[in-house]
1. How about A:K27: which aspartates and glutamates have a C-alpha closer than 20 Å to its C-alpha, ignoring those fewer than 8 places off in the same chain?
2. Can you compute the FRET efficiency between B:L68 and B:Y231 using 1/(1 + (r/R0)^6), with r the Cβ-Cβ distance and R0 = 45 Å? Round to the nearest 0.05.
3. What's the average, rounded to a whole number, of partner chain beta-carbon atoms within 10 Å of each residue's beta-carbon in B:264-276?
4. Arrange the peptides B:208-215, A:259-266 so that the one whose residues have, on average, the most other Cβ atoms within 10 Å appears first.
5. Rank A:S221, A:Q146, A:G62 by how far each Cα sits towards the positive end of the charge dipole of segment A:6-271 (+1 on Lys, Arg Cβ; -1 on Asp, Glu Cβ) and give me just the farthest.
6. Ranked from highest to lowest mean number of other Cβ atoms within 10 Å per residue, what is the order of the peptides B:48-61, A:193-206?
7. Rounded to the nearest Å, what's the spacing between the alpha carbon centres of segment A:150-171 and segment A:222-272? Just the number, please.
8. Starting from the Cα gyration tensor of segment A:211-265, take the square roots of the eigenvalues, sort them a ≥ b ≥ c, and report rounded, prolate or oblate (rounded when a/c is under 1.5, otherwise prolate if a/b is larger than b/c, else oblate).
Amino acid sequence: MAHFNPAQAKPLEPLLDLVDVDITRGKRQLLCNLNLAFNAGEFIALAGENGCGKSSLLTVLGGLAPLEKGALSFNGQPLSEISLQRLADYRAVMAQSASTPFGFLVDEILQLARHHIVESPANRHHIIGEIAEQFDITHLLSRNIQTLSGGERQRVFLSKAILQLLPISSHDSLEGKLLLLDEPTSALDLRHQKLVMQQLVSLSQQGLCIVCVSHDLNLISPYCSRMILLAEQGCIADDKPENALTIDTLARCYHTQLNLIRNLDNDVFVTH
Amino acid sequence: MTAFSSSPDAPSHTPNNKVLRKDVSGNNASALMVNLVATRAKRKRYGLALLGALLLVSAYVGVVSGSLSINVSELLWHELSQLTRPLFSQGALIEEGGANREGTFNSTHWYVLTELRLPRVIMTLFIGALLAVSGCAMQGLVRNPLADPGLIGIAGGAAAAAAVSMAIVPPLVPALASVWVALWAFGGALLAVWTVLRFANSAQGVSVATLILAGVAINAFTGTIIGAISYVASDDALRQITYWTMGSLAGASWTLCALVAAAGIIAISGLMVSRNALNLLALGESEAAYMGLNVARYKQAILWLVAFAVALATALCGIIGFVGLVVPHMCRTLFGVNHNVLIPACALMGALLLTVADTLARTLFTPMEIPIGIVTSAIGAPFFLYLLWKQKGVFNGSL
């Protein structure tokens, strides 16, 4: 645990490596013999029908659920050997419906995200301010979290997850860090959907590995670098979105007939 | 297909569209952050200072008022001049006659002040602070603003054990009756907490839902024990049990005061150390774990810290309800929900309110004294209903 140091990990090694992993929920087996590798700088969309194990997979990737079978390594080290305290520096999670029964103010929640980072208050305020501008929540900073709308709250908790990972200096790379998102855009309007997608692409270009569960394939496929479709207890497609999304894979994934439209840039769009 | 050509600013992976973190100026928002934090820090300082001042005033009022009213400054001046008399014996000769007449009068006052009032007020301060801070931690821990330490069976266990000791197993040395009852109550409270935690602990840590349900069951069980004992107890023991469950600070002494102060200081500083953990836990347990908190360890530590502190307070003073429930609520509306401020605010506010309540209990119907538990419930229950009325609808779904 004490020897965990991502800088020592071999550069060619994937950031997150799953070998023969089973995902179970209660007694139900959701995913079987999963083999996946996630690399630095990738923006990965994870899709599949309701209850196929997307969120359970995220919980395992986040290190909260113990692995029942298979091996899972993060930065070259078994994930289960890394303490949660240490892991918080390298992996952040935005859960599906984050909320609190207490009326925290937005800026307090954002400050909590950096509780584990030793930095000057000035630096902390500067970084929080930057992220607040980028996710258009500056006007919400002094608001009570309970009075926000669903979309506003989603942007706050997304900012919180990102703030947990940002290095003290903006010149440091985000390589070796992992952001797990569970439907981060489900309540956003079109402007903020676009804003969030652009910011996520920008973060992945700085080396951050992003795994994003989403049902909105049309929103995420033009932005993500890789799309994984989960069905039939496994991964039925894992490729660039324009290759992963075919009439055949969609039918296997969602058990219904769906159509595809391809534009001139070869982006794919799903219609009914 | 041609109709679906991409617009000029369509999203793409080409660098011309990327928004780099460094390119965006965060100046406005950063300045706002600095401003927000500074304003809040100032408000916190002034608010806490005001509470502290009110606390000093209420403590002073508590010391001087009662069936025997004491003029503290005159008394102190007199004692001081008594001490320094040998040094100024020449000049003191003149007022010799007057001092003799006042001698016995002042020594009674001095005794009431130093052996009765002061230890009682100081003990009340610490009990109030300890109960309020424990309630605050409990509510943060179970993420339910309606929780209090009684929830995990502390009060019930203490009351049942105290009843057993008063009605069934009297102490061997009658002079030590109060110590005997306190020991039983302390043991009973911890036994109840231990039982509740046995049920709530699982491989995944403490389950809050089971904690609450097991607490309800244990409280019902201790209620049965008290009922059964009351049924068979002698009139004398019955009166003692009833009196005990209504709470009293009348037994205060410097020894008990030191005990309570030690427990209070340990509990408050322990919770101050865990204030960040409490903030993270308020966001949810898995959220806290994702943010790097050792949830299981903090939960156990905070629960036992609260259990020991409240068990001690209950053992020494009986059941004093509503302080742990209402004070954190008041402080949240005044100071916000951040435990950085909430814990010191709860400590001051709890001390303030219990001191006022105890002064009222002693002075409203002198020379009779109302049990403190009745005063706190009489003030606390309507106030709590008022809070619920004001926040109607806010708790929808969160319970």
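Bear in mind these aren't lab numbers, they're just calculated from the coordinates by the rules spelled out. What you are looking at is a predicted structure, and each value in this text was computed from that prediction instead of being measured. Methodologically, a virtual Cβ is constructed for each residue, glycine included, from the backbone with ideal geometry; neighbour enumeration extends over all protein chains shown.
1. A:E49, A:E68, A:E232
2. Values: r = 41 Å, r/R0 = 0.90.
FRET efficiency, B:L68 to B:Y231: 0.65.
3. Details: counts 0, 0, 0, 0, 0, 0, 0, 0, 0, 0, 0, 0, 3.
Average neighbour count from other chains, rounded to a whole number: 0.
4. Put in order of decreasing packing, that is B:208-215, A:259-266.
5. Projecting each Cα onto the dipole axis, the largest value belongs to A:Q146.
6. Working: B:48-61: 15.4, A:193-206: 20.2.
Result, highest mean Cβ count within 10 Å first: A:193-206, B:48-61.
7. 29
8. Working: a/c = 1.71, a/b = 1.18, b/c = 1.44.
Since a/c reaches 1.5 but b/c is at least a/b, the shape of segment A:211-265 is classed as oblate.
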